[in-house]
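Step one of this worksheet: look at the structure below.
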Amino acid sequence: MEVQRNTYLNKLLNRMHNGMIKVITGIRRSGKSYLLLTLFRNHLRASGITDDHILVMEFDRIENRQYRDPYILLDYLKKQITDKDEYYILLDEVQMLQSFEEVLNSLMRESNLDIYVTGSNSKFLSKDVLTEFRGRGDEVHIFPLSFQEFMQIYDGDVYHGWAEYMMYGGLPLAVTMKKDEQKVQYLKSLFRETYIKDIVERNKIEKQKELEDLLNVLSSSIGGLTNPLKIADTFKSRLHSSISNNTISKYIDYLKEAFVISEAQRYDVKGRKYIGSPVKYYFEDVGLRNALLDFRQVEETHLMENIIYNELRMRGYNVDVGNVKQRYIDKASSSKLTKHLEIDFVANLGSKRFYIQSAFQMPDAEKIKQEKASLLAVKDSFKKIIIVKDVIKPFQDEDGILTIGLFDFLQNSNSLEW
């Protein structure tokens, strides 16, 4: 059964003929090529566009190696464009094309071309490249399968589906594999032979072991506040390594550019400003994170938080970690003190904002009070939500805080509007 990734397909359809280069980004093996070359091309064909007006180039195929030369590619495309009708240019893994910025700008000068490209790293969306595009690059970022997409093809109930998704993630090929040992071998090999190798070669990293150690440190601390200095201390104490803060910062940037991890910054809710270091890092796919640790540290509370973070980003939200200052009087000294409360996620999309806590369980009044404390410290009118693993009927309490079950949240794209 094929997954209909309508969210991303609709994003492409809404951008057709907008005069910009549609750039599909995402981690390797997340489904970029399938979206562009299967789903989108099938839509074009169903709309009456003939194949001779859909020009496709897959740069990662060895038989297309010659077309990585910009002059050969441009000559080939010009020979295919024989009339003034609309042509659709679909370029897969465009970062493998030499001088791709200049090639794309050259193609954009032709009024009858609608251009779509995919790429597996964000370097071609850097400031220099965006300047070269003169503001005409329009990004669509694709994630591995969401839990809702995963359940479209999973043969089982939601509880077993959650256990499977939490363990092996949402990379499409891993999801379709039948046996656990297949999934384990695939994910571990993919990380080692594709992601790490790609990052090392692209950035000319000489000490691969340091990069692998950093990945292990980050994967062991998802959901925890950290920074390069703290990580460097971990290297010294646990690994007896003297890796510098600057090197760690560079490696983290490389991992973000490859979409392996993403960064959630701390946001001072009352002060309405970003605080800076430390920050939180989450993995784009939890299956890859688990593979890094040989599937030994599968803590459901942390993985649930990572999956909620990814789900919010899939829905288009900018996601930060909330920080709320609360002043109180110390009973022993009668001194006025300040404590910092954390909100797991502050999700923003246009004029919308949601404050969200990820709570694996709330078995008693004390735990409920603890989870609500930071939300109650925020005095604005934006909705405040607690997501729990328990199966419950969504309800809003006397403080206006909405509590919903994890599966209701993940399987209903409008769940935050309850």
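Observations
- Links that overshoot a 27 Å alpha carbon limit, given the list LYS188/LYS352; LYS78/LYS256; LYS188/LYS209; LYS325/LYS369; LYS178/LYS250; LYS22/LYS230: LYS188/LYS352; LYS78/LYS256; LYS178/LYS250; LYS22/LYS230
- Sorting GLU398, GLU102 by accessible area puts them as GLU398, GLU102; the probe is 1.4 Å, largest comes first, and only protein heavy atoms count.
- Set the Cα radius of gyration of the stretch 1-155 against 2.2 N^0.38 Å, with N its number of residues, and you get 1.03.
- More than 18 Å apart - percent of Cα-Cα pairs taken over the stretch 179-332: 63 percent
- The 1.4 Å probe gives accessible areas that order GLU86, GLU181, largest first, as GLU181, GLU86.
- Highest-MSF residue in the chain out of ASP198, ASP380, ASP233 [GNM, Cα springs under 10 Å]: ASP380
- Pairwise centroid distance, computed over Cα atoms, of the stretch 240-284 with the stretch 87-113, Å: 32 Å
- Helix-derived mean residue ellipticity, 222 nm - over the chain, DSSP H n ≥ 4, -39500 (n - 2.57), to 500: -11000 deg cm²/dmol
- Percent accessible area from carbon and sulfur atoms, the stretch 1-123, protein chains only, probe 1.4 Å: 44 percent
- ASP268 exposes around 10 Å² of accessible area when a 1.4 Å probe is run over every protein chain in place.
- The stretch 1-46 versus the stretch 290-313: alpha-carbon centroid distance in Å: 27 Å
- Within the assembled protein chains, the solvent-accessible surface assigned to TYR282 is about 0 Å², based on a 1.4 Å probe.
- GNM top mover of ALA359, ALA332, ALA46 - the chain, alpha-carbon springs below 10 Å: ALA332
- Percent accessible area from carbon and sulfur atoms, the stretch 143-182, protein chains only, probe 1.4 Å: 53 percent
- Counting DSSP beta bridges with both ends in the stretch 238-328, the antiparallel % (nearest 5): 70 percent
- Carbon and sulfur %, accessible surface of the stretch 345-389 computed with the full protein complex present, 1.4 Å: 55 percent
- Rounded to the nearest 20 debye, dipole of the chain from Cβ charges on Lys, Arg, Asp, Glu: 1340 debye
- Per-selection Rg to Rh, the chain - Cα, Kirkwood hydrodynamic radius: 1.00
- Accessible area (Å², per residue) of the chain, counting only protein heavy atoms and a probe of 1.4 Å: 49 Å²
- At full extension, ALA163 and ASN203 could sit 10.8 nm farther apart than now, given 0.36 nm per residue minus the alpha carbon distance.
The values are calculated or read from the model by the stated rules, or taken from the named source; none is laboratory data. Note that this is a predicted model, so its numbers are computed, not measured. Counting neighbours? That spans all protein chains shown, and the Cβs are built from the backbone with ideal geometry, glycine included. For the accessible areas, the whole protein counts, side chains as well, though only heavy atoms, and no ligand, DNA or RNA atoms are used. Shrake-Rupley method; radii C 1.70, N 1.55, O 1.52, S 1.80 Å.
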